[in-house]
1. Whether any residue in region A:140-162 is part of a helix (DSSP H, G or I), touching a Lys or Arg at 6+ places or on another chain (Cβ under 6 Å), modelled with pLDDT under 95 and surrounded by fewer than 19 Cβ atoms within 10 Å (Cβ to Cβ) is what I want to check.
2. If you go through region A:333-355 one residue at a time, how many are out of contact with any strand residue (DSSP E or B) (no Cβ under 7 Å at 6 or more places or on another chain), among the β-branched types (Val, Ile, Thr) and closer than 15 Å to A:Val377 by Cα?
3. Considering A:Gly371, A:Gly378, which residue is of a type in the set (Gly, Ala, Ser) and closer than 30 Å to A:Lys475 by Cα?
4. When residues of region A:163-177 are filtered for being surrounded by 14 or more Cβ atoms within 10 Å (Cβ to Cβ) and out of contact with any helix residue (DSSP H, G or I) (no Cβ under 7 Å at 6 or more places or on another chain), how many remain?
5. Pull up region A:470-495, narrow it to residues that are over 19 Å from A:His772 (Cβ atoms) and of a type outside the set (A, V, I, L, M), then point me to the one that is surrounded by the fewest Cβ atoms within 10 Å (Cβ to Cβ).
6. Please work out if A:Lys194 is more than 16 Å from DNA strand C (Cβ to nearest atom), surrounded by 20 or more Cβ atoms within 10 Å (Cβ to Cβ) and either basic (Lys, Arg) or more than 29 Å from the chain's Cα centre (by Cα) (or both).
7. Out of the residues in region A:571-587 that are within 28 Å of A:Ala26 (Cβ to Cβ) and out of contact with any Gly (no Cβ under 9 Å at 6 or more places or on another chain), state the one that is farthest from DNA strand C (Cβ to nearest atom).
8. Give region A:319-339 a look and list any residue that's among the basic types (Lys, Arg) and surrounded by fewer than 18 Cβ atoms within 10 Å (Cβ to Cβ), or say none.
Amino acid sequence: MGLLDTLNKEQRQAASTVEGPLLVIAGAGSGKTRVLTHRIAYLIEEMGVMPWNILAITFTNKAAGEMRERVDKLVEFGAGQVWVATFHSTCVRILRRYIDKIGYDNNFTIYDTDDQKTVMKAVLGYLDLDPKKYKERALMGAVSSAKDELITVEQFERDAAGDYNKSIQAKVYREYQDTLKKNNALDFDDIIVKTVELFRKCPEVLDSYQERFQYIMVDEYQDTNTAQFELVRMLAQKYRNLCVVGDDDQSIYKFRGANIRNILDFEKYFPEAASIKLEQNYRSTRPILDAANAVIRNNTGRKEKALWTGRKGGVNVRLCQFDSAYEEAEYIACNIRQKVEKEGAEYRECAVLYRTNAQARLLEERMLMEGVPYNVVGGTNFYARKEVKDILAYLKTIDSGRDDVAVKRIINVPKRGIGNATLEKAEDFAQLYGIGLFEALERADEITGLSRAVPKIRPFTELIRKLRGEEYRGKVADLIREVVERTGYEEYLGDFDEEGGEDRIGNVDELLTKAAGYEESSEEPSLTGFLEEVALVADIDNVDGDDNRVLLMTLHSAKGLEFSNVILAGMEDGLFPGYMAVNSDDISDLEEERRLAYVGITRAKDELTLTCARMRMIKGETQYNPVSRFVAEIPMELLDREFGPQNRRKGAWVSDDSFVRRNDFGKTFPGDDKARGSAEAWGSDGANGPGSTFGTVRGGSGEAGGNGGTGSGSGMETRPKAIIRPKATVKADKPYIAKGISSLNELAGISKGAAYKAPAAIDYGVGDRVFHVKYGEGTVMHIDREPRDYKVTVEFDKAGQKIMYASFAKLKRV
DNA sequence: TTTTACTTCGTTTTT
DNA sequence: CGAAGTAAAA
């Protein structure tokens, strides 16, 4: 059987064990996707399983896409019938069909974090809770984790009995959920939870899916939460052909409800389960792998495994410490450029990984200055940008009209002179009659005290009604164009664009492109379908390996990827591991950070560089943090300290005796004693200067910071409460970068955003007569060339002078 | 109703 | 340091 010939023994076993539950512990780079795809192929080609009886679940669309592609290549016929999708899109597809059985409309909308926040704010107002005392963020967290654990409102209320705080949360939970229901909306958690609810309430629906999905595979299983586990368990219950693949050492989504017990206890839930370990790594060199192993070894309660590689040679892990984060960024940018220019590396083979998104800014600035092409992954999701969300809110309103959050968002955007007073009256009316906000607005003339606002409201409701017309069905791009056009959205944005520098118009333009792309790729394009697709994409999904750029992203985003050259930036205690984890009294928080470090290290194929800075601005204050404890967990013989030439030239390099002076954490941090051995190798304490100060520098009085001498290493279990917010701030001495660069785009010229496209050609010039759909004929007065578009000034015969963007205006020469 | 100036507060991490 | 929210003014 040739199909599995290219696999090693364990992989082959995993791919061919198809009956019954199977747990595959797949170490980093051990070829798990290979196993999964071959397993699917094996099921179809060797076992005669029908492709549509196979379900493969991933976490990101990107992973799903890649898997689909690889299955396509592997399987001769029918690969397209295999259901490969993310948890969320799988559930949405099911719910679109059956959610009416549990009391929602099938054209429900999906709320993102931003919408959730809006709802939560409204809930706080409604329940008359002091927003100072009850942070919506915290409450959202409480609600979300309840859902992750499949705890219903009723259950939550029962559990809360007697606990004041909990019962407040229970009230909030109930109100929040009611609001969502009223808006016919689901949040991300609901998508899973409601599917489970559906299956529980409608056995016949569950049964039909059990029949459909006779062979189930779950990727990244270590990141599943309780709700997702339950979902999978129910689906697999009948045939029990469930294969889960994951790596407990790469479980990094606890904050999102991931339950590491799902993978650690899999054999408890499925006693008859077979279990296979994949330990051969095909990705990294020895030193990198050894470093990864050395770090992760310090975690407790993991499934013991040791990665090994057949690869020969390899260079040590590089470690560079800098005085400031600016120098760190400079080094990184120069280092990469040098690699490309002198060593023939490719930008696309390099990635800079960091703990927090905030770190991206500095790196980005430097990349621009050094002319290194890059892409930042993550941060604010494209679809979360204001202008994009505005347009989407219009689309949502056109699509369903039951989503009050969307209506509220756009009712006065662009400005229509409809303010709070008007809105409140309309809302009261809506509540009184039990109708949606939009319907209330349509009946504005019935609302007492609104007569004056009616003429302002009318154009809005008319517009929506018109765009709901049959002729726009499925024409998403046209709809967007119409919305932009008829609301004067481009002019509205134009005002912002003048000073801001953020290319908002460009973003709207890009949304238009995405809509057009959707219409093309979808079999039966619909507005609902587009909104759904858009709601469920992550930033990482759009990463395109084809463009030759350095990738900047968080460690979380990097999971599942690999690069020849990896730089882990900001290896500092307090940053990575983050201060939350450092100060937590729950060891598992620190262990999660360590897993993150493990993920980061194992992304590297050939070269790994760790960098850190002694001084760094965080939230407007300068912090002096020691080198990350994870660095100290890497044996010395695997590390090379290195300084780039730029460093030397600028006098930025650090003299040997102040270099990487570690404090003796080992002893003072409970539960972390294993780290100690190697930490001591870094030499004892006693250095001078800020670099050796533990934690944050505190200006002024040294009450808690008085522990400065820190690592005396004596047996005292005095863990300094150091890494907490200092009150006073030490100003950084002059930043490297003149603050004069008004926007990154300006500097970028070419390198911002993936899709830099030249503006489409226009066939008219200054002085020409042109025709516009809405304004009629006019004369072109002026044309400004902008990076993404032409800005055209037209003197219309009837409508007067207008400034518009060529791509939207669709002017025709007459 | 809209704009502006001032205060407060925070970030891990994201489907 | 910024974003975001609030109070006050226009």
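1. Looking only at region A:140-162, we keep the residues that are part of a helix (DSSP H, G or I), and these are A:140-148, A:153-160.
Subset that is touching a Lys or Arg at 6+ places or on another chain (Cβ under 6 Å): A:153, A:160.
Then keep just the ones that are modelled with pLDDT under 95; that gives A:160.
Within this subset, residues satisfying the condition of being surrounded by fewer than 19 Cβ atoms within 10 Å (Cβ to Cβ) are A:160.
Yes: one or more hits.
2. Qualifying residue count for the region: 0.
3. So the residue among A:Gly371, A:Gly378 that is of a type in the set (Gly, Ala, Ser) and closer than 30 Å to A:Lys475 by Cα is A:Gly378.
4. The first filter runs over region A:163-177 and keeps only residues surrounded by 14 or more Cβ atoms within 10 Å (Cβ to Cβ), leaving A:166-177.
With out of contact with any helix residue (DSSP H, G or I) (no Cβ under 7 Å at 6 or more places or on another chain) added as a condition, the list becomes A:168, A:171.
Adding up the residues that qualify gives 2.
5. A:Glu470
6. Numbers: more than 16 Å from DNA strand C (Cβ to nearest atom): yes; surrounded by 20 or more Cβ atoms within 10 Å (Cβ to Cβ): yes; either basic (Lys, Arg) or more than 29 Å from the chain's Cα centre (by Cα) (or both): yes.
So A:Lys194 fits the description; yes.
7. Filtering region A:571-587 for residues within 28 Å of A:Ala26 (Cβ to Cβ) gives A:571, A:576-578, A:581, A:586-587.
After this cut, where a residue has to be out of contact with any Gly (no Cβ under 9 Å at 6 or more places or on another chain) as well, the list is A:571, A:577-578, A:581, A:586.
Numbers: A:Met571: 22, A:Pro577: 22, A:Gly578: 17, A:Ala581: 22, A:Asp586: 27 Å.
The extreme case among them is A:Asp586.
8. To start, the set of residues in region A:319-339 that are among the basic types (Lys, Arg) comprises A:337, A:339.
Within region A:319-339, none qualify.
The values are calculated or read from the model by the stated rules, or taken from the named source; none is laboratory data. Since this is a predicted model, take the numbers as computed values, not measurements. A quick note on method: Cβ atoms are made from the backbone with ideal geometry, for glycine too, and the neighbour counts reach across all protein chains shown.
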